[in-house]
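The values are calculated or read from the model by the stated rules, or taken from the named source; none is laboratory data. Here the structure is a predicted model, which is why all the values come from computation and not from measurement. Cβ placement follows ideal geometry from the backbone for every residue including glycine, while neighbour counts extend to all protein chains displayed.
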Amino acid sequence: MLQSFDESEKSIVIDINNEMDIVLARQTGRKVSKELDFSLVDQSRITTSISELARNIYKYALPGKIIIEAIKKENKDGIKVIAADEGPGIPDIKKALEDGYTTSGGLGAGVPGVKRLMDEFEIDSAVGEGTKITVKKWKK
């Protein structure tokens, strides 16, 4: 499968090229969040967020990748997920973060939903260059 471990950053990288890669990203996120001893509710939040981010890459912005990494800040453990792609970029980030906004006729809950499910959310996008979304969840 298209999963690799980046030794320099201690990250798991999953290339997103097809629907099976979305499943692999979800499974990997669940496994890592379980290993980090997140609650079942937070494991579900993390897994759902990864699924939404990977699905957006697949639908709108191939090629892309999901990067999953265990993180630490002061005395807190957490997980960081980066969704990066080389797609068309998002022309209006503010609009894309509104509930109900969609360019594909879907529910428009993906990116705003991810923002609500995770503790930290950062998005960087340039039209014609791609998008990078970084989210973090901290263990309570």
Near pairs, Cβ below 9 angstrom, 6+ apart or cross-chain, from segment 24-39 (on the phi > 0 side of the Ramachandran plot) to any residue that is outside any helix (DSSP H, G or I): Asp37/Asp77; Asp37/Lys139
Count of residues meeting criterion [charged (D, E, K, R) and either surrounded by 16 or more Cβ atoms within 10 Å (Cβ to Cβ) or in contact with a helix residue (DSSP H, G or I) (Cβ under 6 Å, 6 or more places away or on another chain) (or both)] in segment 44-73: 5
Scan of segment 40-56 for residues that are touching a residue at least 40 places away in the same chain (Cβ under 8 Å) and within 17 Å of Phe121 (Cα to Cα), ordered by number: Asp42, Arg45, Ile46, Thr48, Ser49, Glu52, Leu53, Ala54, Asn56
The listed residue being in contact (Cβ under 8 Å) with a residue 12 or more places away in the chain and touching a helix residue (DSSP H, G or I) at 6+ places or on another chain (Cβ under 9 Å), out of Lys76, Lys140: Lys140
Residue that is modelled with the lowest pLDDT, among those in segment 47-101 that are among the basic types (Lys, Arg) and under 19 Å from Gly113 (Cα atoms): Lys95
All positions within segment 124-140 that are more than 17 Å from Ser33 (Cα to Cα), at pLDDT 95 or above and of a type in the set (A, V, I, L, M, F, W, C): Ile133
Residue within segment 107-122 that is part of a loop (DSSP other than H, G, I, E, B), at pLDDT below 90 and small (Gly, Ala, Ser) present: yes
